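**Q** Here it is: the structure, laid out below.
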Amino acid sequence: MSVRNMPCICQKCQMEIQHGFDVDNVPHLDSEFTLFCPNCSSEQVFRYKDSKKIMAERKRIREEMELREYVKSLAEQYGFRCSFIYQSVTITTPCGSWRFDYHKRLKHLMHESTYKYNLKTGNESFWHHQFDRKMSIEEVIKYIDNHDKATMRRKSMKKEKV
């Protein structure tokens, strides 16, 4: 079992203690939790001390949430939905699903068609690698939009031929 030591402050007497939390059970940074306070000789409410480590973690979380909100707002401008898994985003469009790591400059874009078949070959479609390119998030979403428009045109042309 791995332990993460964190500086904590009793909210009653302001005594600071180091407490070892099981890494699978560490309280959220802004939460309150109950621990035994040696100064008060009883269970008390504690919070994390605002150490450099805690402030850096809060900053990292805030920046991640801001980046996710930015990606989400860009996707919504095109009418797309998105969901986040760890450091990747899945963007859902009328023509398919797209996945890439929005933290890296080199975007490894994956694609799955919602039509479930390749429009050129007629074969079943699965997740496939679209490209690896150095692009901004805006450029990737614009690419997805252009790809979907082209797919819609091909699909409508195919219907017209039938």
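The values are calculated or read from the model by the stated rules, or taken from the named source; none is laboratory data. What you are looking at is a predicted structure, and each value in this text was computed from that prediction instead of being measured. Cβ coordinates were reconstructed from backbone atoms using ideal geometry, including for glycine residues, and neighbour counts include every protein chain displayed.
**Q** So the check is Cβ under 8 Å with 6+ separation or different chains; which pairs have a first residue in segment 134-162 that's closer than 15 Å to G79 by Cβ and in the same structural domain as L74 (by TED's automatic domain parsing) and a second one that's hydroxyl-bearing (S, T, Y) and at pLDDT 85 or above?
**A** Every condition considered, the pairs that remain are I141/Y78; I144/Y78; I144/T93; D145/Y78; D145/T93; D148/T93.
**Q** Read through the list (1) under 16 Å from the mean Cα position of the chain (by Cα); (2) surrounded by 15 or more Cβ atoms within 10 Å (Cβ to Cβ); (3) assigned to a strand (DSSP E or B); (4) modelled with pLDDT of 90 or more, then give the number of the only condition that F46 fails.
**A** All conditions pass for F46, except number (1).
**Q** Take segment 1-46 and flag every residue that is aliphatic (A, V, I, L, M), under 20 Å from E57 (Cβ atoms) and out of contact with any helix residue (DSSP H, G or I) (no Cβ under 8 Å at 6 or more places or on another chain).
**A** First, pick out the residues of segment 1-46 that are aliphatic (A, V, I, L, M): 1, 3, 6, 9, 15, 17, 23, 26, 29, 35, 45.
Checking which are under 20 Å from E57 (Cβ atoms) leaves us with 3, 6, 9, 17, 23, 26, 29, 35.
If the condition is that a residue be aliphatic (A, V, I, L, M), under 20 Å from E57 (Cβ atoms) and out of contact with any helix residue (DSSP H, G or I) (no Cβ under 8 Å at 6 or more places or on another chain), then I9, I17, V23, V26, L35 are the ones that fit.
**Q** Just to be sure I understand the filter: pairs with C-beta atoms under 9 Å, separated by 6 or more residues or on different chains, first member in segment 25-44 and in contact (Cβ under 8 Å) with a residue 60 or more places away in the chain and not assigned by TED's automatic domain parsing to the domain that holds C10, second member surrounded by 10 or more Cβ atoms within 10 Å (Cβ to Cβ) and charged (D, E, K, R). Which pairs pass?
**A** From segment 25-44, no pairs qualify.
**Q** Moving to a separate point now. Assuming F80 fulfils every condition listed in (1) under 26 Å from K104 (Cβ atoms); (2) surrounded by fewer than 12 Cβ atoms within 10 Å (Cβ to Cβ) apart from one, which condition is it?
**A** F80 satisfies every listed condition except (2).
**Q** Could you tell me whether any residue of segment 65-74 is modelled with pLDDT under 90, more than 17 Å from F131 (Cβ to Cβ) and in the same structural domain as D132 (by TED's automatic domain parsing)?
**A** From segment 65-74, those modelled with pLDDT under 90 are none; that's our starting set.
No; the residues of segment 65-74 include none that is modelled with pLDDT under 90, more than 17 Å from F131 (Cβ to Cβ) and in the same structural domain as D132 (by TED's automatic domain parsing).
**Q** Considering only strands (runs of 3 or more DSSP E) fully contained in segment 78-162, which possess at least 3 residues that are at pLDDT below 90?
**A** On the way: elements: 81-85, 88-92, 96-101, 106-113, 128-134.
Ranges flagged: 106-113, 128-134.
**Q** Does G79 count as under 25 Å from M152 (Cβ atoms) and among the small types (G, A, S)? Lay out the reasoning, then the answer.
**A** Numbers: under 25 Å from M152 (Cβ atoms): yes; among the small types (G, A, S): yes.
Taking the combined requirement at face value, the residue satisfies it.
Rundown of residues vs (1) farther than 30 Å from H147 by Cβ; (2) out of contact with any strand residue (DSSP E or B) (no Cβ under 7 Å at 6 or more places or on another chain); (3) loosely packed, with under 13 Cβ neighbours inside 10 Å, yes/no style:
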| site | (1), (2), (3) |
| --- | --- |
| P7 | yes, no, no |
| H28 | yes, yes, yes |
| D50 | yes, yes, yes |
| I61 | yes, yes, no |
| I91 | no, no, no |
